[in-house]
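Read the structure below first, then the notes.
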Amino acid sequence: MKHYVLLLTGMLFQFACSAPKEPIGDGAVELREFGKFSEVELFDLVPFFKKAHYVLLDVSEDLDLYQADKILAGDGKFFILDAELGEGIYIFDETGAFVADIPIGGNGPGELPDVEDIAYNADNQTLLVLGSNGRKLFEFSSDGTFIRDRAFPDQSFYNYIAYGGNDLLYMHTLPSPTFEQSEGPPLLAVLKGDNLERVAEHVPTPGGLKFSITGEKPLTVQAGQVVLAPAFGPRIYKFNQAGSLEKELFLPDVAATDNFYQRESFNQFIDMLLDKNELVFADNYVETEHVELMLLVKSGAQTRWGVWDKKSKQFQLANSLFDGTLQLPLLPHMEIHDKKLLNLFEDEFFEAYIDEEEQADLLAGLEAVVPGFKNQSRKFILCVYEN
């Protein structure tokens with residue numbers, strides 16, 4: 001199952017109102033004050049999208065696909081990274097037919113020793129794979145054919161990659177835990193795709209005691225912009241296709257809720273967690289035409305979704321996102337690639353969640369929406385939401 005990496009040395013955790021409100025770069029700062037909010041058990045995403053369609057993936061018994069660590073879409077295909085369990089990148093077409101897989105674990109020419117992250121170059125229709133402990137960039141065609149690999153200059157290494165157009169690669173490096181008081185390297189570097197030359201740097205790592213917290217989705221492409229949403233702070237950075245910082249979204253506070261132990265402000269909640277040597281952070285930030293989503297994570301407590309309804313200007317805290325068409329909860333993370341919001345229901349989920357005898361109506365509903373689901377031996381449904 002998916003997990004979070006928490007690496008701590010010392011405890012410097014400044015969040016919400018304690019963070020400075022001056023912009024870090026040239027981009028304008030937009031304040032997002034949620035105010036008070038309501039709590040719901042389930043939040044149905046489907047009404048907030050113009051189109052939702054469901055792809056039944058053809059996953060054979062001998063295909064080592066078990067879960068989605070990342071999903072991308074491009075050139076009429078879906079690219080699913082399963083680095084943790086399946087050790088491969090799996091390619092399907094828009095109908096769900098299997099196209100090819102790229103195994104992880106080889107050391108020969110054109111083989112992937114390991115994978116940190118993947119991105120899709122829509123201009124060249126190529127799959128970009130960050131591998132060799134983040135020190136090499138591997139390129140494949142959209143059907144999985146190896147093209148080339150290149151080492152990054154100056155022995156640089158990165159943890160996440162995004163392609164934002166105009167032959168620009170956006171590379172995110174997680175800060176290393178340290179007691180040093182000096183500033184670390186920038187969190188984001190912009191490279192030219194043709195020669196991997198660094199052309200810009202953004203978001204310096206603050207000086208002082210440092211910790212490293214990474215969520216699941218800190219670097220994404222959303223509606224033509226590259227979005228950096230570090231899990232350890234209250235700022236979200238949006239970059240335009242020229243490689244410049246266009247906007248910072250600042251989240252100053254979140255109102256009290258039962259999950260925050262009835263504290264009057266989010267800062268008081270953070271102070272309480274510090275006293276208990278616990279952490280809270282926001283992960284998986286997603287902005288669509290009508291809603292903004294973020295996963296609020298606290299060690300030792302239930303993970304919940306924060307949902308900002310742009311039209312009503314209301315913030316809700318939900319135990320789970322939900323697909324009202326399928327009548328299923330969306331677990332555990334949401335993927336976003338440009339204007340597509342994606343979620344994969346995996347075989348293991350259906351085995352754990354659905355009892356064929358007791359939930360015959362639910363199975364009938366799934367078969368009506370996704371024909372062929374019932375007779376599929378391995379059941380994988382890819383949900384695609386678009387505006």
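Tabulated data for the structure shown
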item	result
Which listed residue is in a loop (DSSP other than H, G, I, E, B) and surrounded by 14 or more Cβ atoms within 10 Å (Cβ to Cβ), from GLY86, GLY106	GLY86
Restricting region 343-357 to residues that are closer than 17 Å to LEU65 by Cα and touching a residue at least 12 places away in the same chain (Cβ under 8 Å), the residue that is nearest to the chain's Cα centre (by Cα)	ASN343
Residue in region 119-126 that is in contact (Cβ under 8 Å) with a residue 12 or more places away in the chain, among the charged types (D, E, K, R) and within 20 Å of PHE157 (Cα to Cα) present	no
Lone qualifier among ASP154, ASP143 - being at pLDDT 95 or above and either charged (D, E, K, R) or not in a loop (DSSP other than H, G, I, E, B) (or both)	ASP143
First in region 18-45 and over 11 Å from PHE315 (Cα atoms) and modelled with pLDDT of 85 or more, second anywhere and surrounded by fewer than 11 Cβ atoms within 10 Å (Cβ to Cβ) and not basic (Lys, Arg), Cβ under 8 Å, 6 or more apart	VAL29/GLU22
Extreme residue, nearest to the chain's Cα centre (by Cα), among residues of region 80-101 that are touching a residue at least 60 places away in the same chain (Cβ under 8 Å) and within 18 Å of CYS383 (Cα to Cα)	ILE80
Flag if TYR160 is within 30 Å of ASP347 (Cβ to Cβ), in contact with an Asp or Glu (Cβ under 6 Å, 6 or more places away or on another chain) and either in contact (Cβ under 8 Å) with a residue 24 or more places away in the chain or hydroxyl-bearing (Ser, Thr, Tyr) (or both)	yes
Residue count for region 50-83, restricted to those that are touching a helix residue (DSSP H, G or I) at 6+ places or on another chain (Cβ under 9 Å) and part of a loop (DSSP other than H, G, I, E, B)	4
Pair list, Cβ under 7 Å, 6 or more apart: region 217-229 residue at negative phi and modelled with pLDDT of 90 or more, other residue among the hydroxyl-bearing types (Ser, Thr, Tyr) and part of a loop (DSSP other than H, G, I, E, B)	none
Residue within region 326-338 that is polar (S, T, N, Q) and assigned to a loop (DSSP other than H, G, I, E, B) present	yes
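Table: residues versus (1) outside any helix (DSSP H, G or I); (2) at pLDDT 95 or above; (3) crowded, with 17+ Cβ neighbours inside 10 Å.
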residue: ALA301; (1), (2), (3): yes, no, no
residue: TRP308; (1), (2), (3): yes, no, yes
residue: SER312; (1), (2), (3): yes, no, no
residue: ALA352; (1), (2), (3): no, no, no
residue: GLU356; (1), (2), (3): yes, no, no
residue: LYS374; (1), (2), (3): yes, no, no
residue: CYS383; (1), (2), (3): yes, yes, yes
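The values are calculated or read from the model by the stated rules, or taken from the named source; none is laboratory data. The structure presented is a predicted model; accordingly, all values stated were derived computationally and were not measured. Ideal geometry is used to build each Cβ from the backbone, glycine not excepted, and the neighbour counts take in all protein chains shown.
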